[in-house]
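The values are calculated or read from the model by the stated rules, or taken from the named source; none is laboratory data. Owing to the predicted nature of the structure, the values given are computational and were not obtained by experimental measurement. Counting neighbours? That spans all protein chains shown, and the Cβs are built from the backbone with ideal geometry, glycine included.
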Amino acid sequence: MIKRGDRVKLTARVAAAFSNSKRARKFDWTDRRGVVERITINKANVVVLLDGRKSTEVVPIRSVELEPELGLPQTEHRL
């Protein structure tokens with residue numbers, strides 16, 4: 001589940017779509033990472049502040065995936 005403040009990256013499918021559109025001139029969308037600023041009320045879209053940008057992007061929630069944290073193990077501890 002994606003929450004506010006999570007680090008996310010664009011999925012490969014969406015990055016390819018952004019790269020083929022008019023936005024392709026300035027950015028390589030496959031390497032884009034960012035932080036979730038807000039999730040819309042209907043939980044269909046997320047507002048993401050991409051690294052190196054001042055403005056946010058509104059993208060469908062299915063178009064982002066959680067980025068694994070660096071330096072932390074990705075296992076769950078059970079008591």
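When region 43-67 is filtered for residues that are part of a strand (DSSP E or B) and of a type in the set (D, E, K, R), the ones remaining, listed by number, are E57, E65. For region 4-42, filtered to residues that are modelled with pLDDT under 90, part of a loop (DSSP other than H, G, I, E, B) and among the basic types (K, R), the residue that is surrounded by the most Cβ atoms within 10 Å (Cβ to Cβ) is R32.
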